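Asks: First, the structure itself, so that you have it in front of you.
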Amino acid sequence: MRKNFYLLATTIAVMLVSCGGQQGKPNFGDNEFAVRTASVQSTELETSYPATIKGVQDVEIRPKVSGFITKLCVKEGQAVKKGQLLFVLDNVTYAAAARQAQAAVNAAKAQLNTAKLTYENNEKLAENNVIGSYELQSAKNTYESAKAALAQAEANYVAAKQNLDFCYVTSPASGVVGELPYKVGALVSASVQQPLTTVSDNSSMQVYFSMTEKDMMSMAKAAGGINAAIAEYPPVKLKLADGSVYAHEGHVATVSGVIDPATGSTSVRADFINPERLLKSGASGSIVIPHKNDSAILIPQGAVVEVQNKTFMFVVGADNKVKNVEVQVYPDNDGKNYIITGGLKAGDKYVSIGVSALKEGMEIKPITEEQYNKKIKEAQELGKIQGDYGKMKEAFSGK
């Protein structure tokens, strides 16, 4: 047993020596760093903004008269058309009031006919000097009063008939029925805090998101005005709550003319078609705006150092000495890379890995990223062998 252990230990020791014996460190000098050459390439980044989805028209349905709900004619989530019946309220009292108002109209018409006949007859009598002007004027006044009484009775009937019609609550627009908080038998009125339901027109959807004042001003200046910027704005995408991207692209339609002083941002609206009725009013998501650049210098985020809101890189000179250079970075990124907008040009060589160990003016030995990663892998394998050797030694010592 002891002989076998010594043989195995000797074998591992030889392997450790052949790997450099660096105690798990990469087998290359401290001045070896991965270097990459900056190049121009085409890239497309995306910026996401939290968004709220709303229907083109969200109409709260409220009763105009008081009464008990006697019938629900729709279900939650049901598609309805403009004018379709939604609820029926108890209409007995309002129907009686309408009949009473109609009777008053009929009585006023009869009184008007009588007053008209009397006035016309008095006109003839006055022409023959049978009656005087006083009697004629009195008949005329009675006739005018009868016409006014009829007009008032007809107005009362219209109001009573309208109240009766209000017992039949219809949809003012086409759309989808929302929540139905009130059931049959519930007493409702025009003063209830919660509406009977909400009808949302979701044939197309309006998605609201906010952009910073700085981004909005940059966009407007680049396009020569906010209206031109809206017209030239690229199609936008909508990422839904489950992480999937909505199948149809949208277009920016309006930008609010007011900046919120609390957030320093302004509201923007993008319109999306909704033929499958997948989008629901009140839902949330994210607006994704693409940014395409055909002459971008793309670098890994690990190649930069951020100090006091400034970004620096180590550029390698012809003498292999590094220089700490400040660069300008595009504000949006994909989480892995940065787009350099200034401070670095195509053809410049820069350290892409291990920049935290560099100092200004330090001379390095450039190697490729492939060579660097290979040495890292060898070091990891070496560390694993050392770990196995330690476990074996501990197990043997225990025996």
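The values are calculated or read from the model by the stated rules, or taken from the named source; none is laboratory data. None of the values given here were measured: they were computed from a predicted structure. Neighbour counts are summed over all protein chains in view; Cβ atoms, including those assigned to glycine, are modelled from backbone coordinates with ideal geometry. Keep in mind that these areas ignore ligands, DNA and RNA; they rest on the heavy atoms of the full protein, side chains included. Shrake-Rupley method; radii C 1.70, N 1.55, O 1.52, S 1.80 Å.
Asks: Quick one: in the range 316-349, which of the residues that are closer than 20 Å to Phe33 by Cβ and aliphatic (A, V, I, L, M) is most open to solvent (accessible area, probe 1.4 Å)?
Replies: Looking at residues that are closer than 20 Å to Phe33 by Cβ and aliphatic (A, V, I, L, M), I get Ala318.
Asks: Which residues, counting only those in the range 154-198, are of a type in the set (Val, Ile, Thr) and either within 14 Å of Leu72 (Cβ to Cβ) or part of a loop (DSSP other than H, G, I, E, B) (or both)?
Replies: Hits for the range 154-198 are Val169, Thr170, Val177, Val184, Val188, Val192, Thr197.
Asks: Given the criteria at pLDDT below 80, open to solvent by less than 80 Å² (accessible area, probe 1.4 Å) and in contact with a helix residue (DSSP H, G or I) (Cβ under 8 Å, 6 or more places away or on another chain), does Leu8 qualify?
Replies: Working: at pLDDT below 80: yes; open to solvent by less than 80 Å² (accessible area, probe 1.4 Å): yes; in contact with a helix residue (DSSP H, G or I) (Cβ under 8 Å, 6 or more places away or on another chain): yes.
Here the answer is yes, as Leu8 does meet what is asked.
Asks: Count, please, the residues in the range 344-358 that happen to be over 13 Å from Gln301 (Cβ atoms), of a type in the set (A, V, I, L, M) and not in a loop (DSSP other than H, G, I, E, B).
Replies: Summing the residues that are over 13 Å from Gln301 (Cβ atoms), of a type in the set (A, V, I, L, M) and not in a loop (DSSP other than H, G, I, E, B) in the range 344-358 gives 2.
Asks: Which one of the conditions (1) open to solvent by 20 Å² or more (accessible area, probe 1.4 Å); (2) in contact (Cβ under 8 Å) with a residue 40 or more places away in the chain does Ile226 fail to meet, given that it meets all the rest?
Replies: Condition (2) is where Ile226 drops out.
Asks: Please specify each residue of the range 60-93 satisfying the condition of being open to solvent by less than 50 Å² (accessible area, probe 1.4 Å) and either of a type in the set (Phe, Trp, Tyr) or more than 16 Å from Phe166 (Cα to Cα) (or both).
Replies: Answer for the range 60-93, where residues must be open to solvent by less than 50 Å² (accessible area, probe 1.4 Å) and either of a type in the set (Phe, Trp, Tyr) or more than 16 Å from Phe166 (Cα to Cα) (or both): Val74, Val80, Phe87.
Matching residues to (1) open to solvent by 30 Å² or more (accessible area, probe 1.4 Å); (2) out of contact with any Ser or Thr (no Cβ under 6 Å at 6 or more places or on another chain):
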| position | (1), (2) |
| --- | --- |
| Ala247 | yes, yes |
| Ile259 | yes, no |
| Phe272 | no, yes |
| Gly285 | no, yes |
| Leu298 | yes, no |
| Glu306 | yes, yes |
| Phe314 | no, yes |
